[in-house]
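Undergrad: Quick one: the structure is below, and I'll ask about it shortly.
The values are calculated or read from the model by the stated rules, or taken from the named source; none is laboratory data. The structure presented is a predicted model; accordingly, all values stated were derived computationally and were not measured. Cβ atoms come from the backbone with ideal geometry, glycine included; neighbour counts cover every protein chain shown.
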Amino acid sequence: MAVELETEAAGSGSGQQLALAETDIKWDRLDKTRFHIIGAILFTAQSALIHPTAVVKTRMQVADSGLSHTSGMSVFKHIIRTDGVSGLFRGFGTSAIGALPGRVLALTSLEVSKHMMFKYTEGLYMPEATRVGIANAVAGMFSNLVSCVYFVPLEVICQRLMVQGLPGTTFCNGPYDVVRKVIKAEGVRGLYRGFGLTALTQSPASALWWGAYGAAQHIIWRGLGYGDDLEQKPSHVEMVTVQATAGLLAGACSSIITTPIDTVKTRLQVIDDYGVGRPSVMKTTKALLKEDGWRGFYRGFGPRFLNMTFYGTTMIVTYELIKRLSIKQH
């Protein structure tokens, strides 16, 4: 995504070769119907691959029993032993089906806002890498803000299904029972527990991720000796490798910075009883400090690090593939 020229590259080569300027495909070149249909299919498959790490991470962050002080592999084995393989996919059906409209919203807002940022910065005198980084960062932040409205309630539902039976949680018989019990206890605002924390933290984190991805890809391309001219053309294999590596680096960077906030948010969304009334950010933070000190904020860091680096790699490769498959046919 990072190395993009605003003008279309004429004569971009043939066969398996692409000009470096063509490694990012703009919104106006996409067949929107194909983009959303292919995106829904491939992103659902991609999310299935990483869902078990999300389940392990969530259980480690929430439990105030022995689970929270064991390794991610131990929690993984515990889930297999007690719930079988299906336990690793708790909440996946709800997440996969429920996320489809949200993905359309997120992908559209990301691409449209990025396209607009490129247009608005077209006349500004700045290095291309800086321009691309700014456009990606703003688009990532805006897309996250828009999609939070949809995804926070879905996340609350899915995480409650993931932690069934753990101390402090309410047992629910499926996603509809989760919605019914949450609304009965707290009204609609119960489905938006952690919304402010999510919006205030994940939006900058999203900007960080996309900015890091753009910067990493730009540095890698330059390190390999590629420029903006059309004489040097990376192959498809090179392009996927560079994008995957940049996605991995962006995911690793983001996970290190955002895990403490994610731990507080996760517990806030699923714990119902600290014995002191309705949970809040402050109550949740104090409870976490009391239980395990500052290291408690990095509960589940291993699975989350794996989740975000693997997600960053597979997501961006899938995302770029979706765009290449969705180019308008002339």
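Undergrad: Within the group 172, 158, which residue is over 30 Å from residue 26 (Cβ atoms), touching a Gly at 6+ places or on another chain (Cβ under 6 Å) and either assigned to a helix (DSSP H, G or I) or not β-branched (Val, Ile, Thr) (or both)?
TA: 158
Undergrad: Output the residues belonging to the range 176-191 that are free of Cβ contacts under 8 Å to residues at least 60 places away in the same chain and surrounded by fewer than 18 Cβ atoms within 10 Å (Cβ to Cβ).
TA: 176, 177, 180, 181, 183, 184, 187, 188, 189, listed by residue number.
Undergrad: Starting from residues that are part of a helix (DSSP H, G or I) and modelled with pLDDT under 80, keep the ones in the range 115-129 and report whichever is surrounded by the most Cβ atoms within 10 Å (Cβ to Cβ).
TA: Filtering first and then ranking leaves 129.
Undergrad: Would you point out which residue out of 119, 114 is more than 25 Å from residue 190 (Cβ to Cβ), among the basic types (Lys, Arg) and in contact with a Phe, Trp or Tyr (Cβ under 8 Å, 6 or more places away or on another chain)?
TA: When all the criteria are applied, what remains is 114.
Undergrad: While we're here: Name the residue, out of 132, 152, 112, that is assigned to a helix (DSSP H, G or I), crowded, with 19+ Cβ neighbours inside 10 Å, β-branched (Val, Ile, Thr) and over 18 Å from the mean Cα position of the chain (by Cα).
TA: Going through 132, 152, 112 in turn, the sole match is 132.
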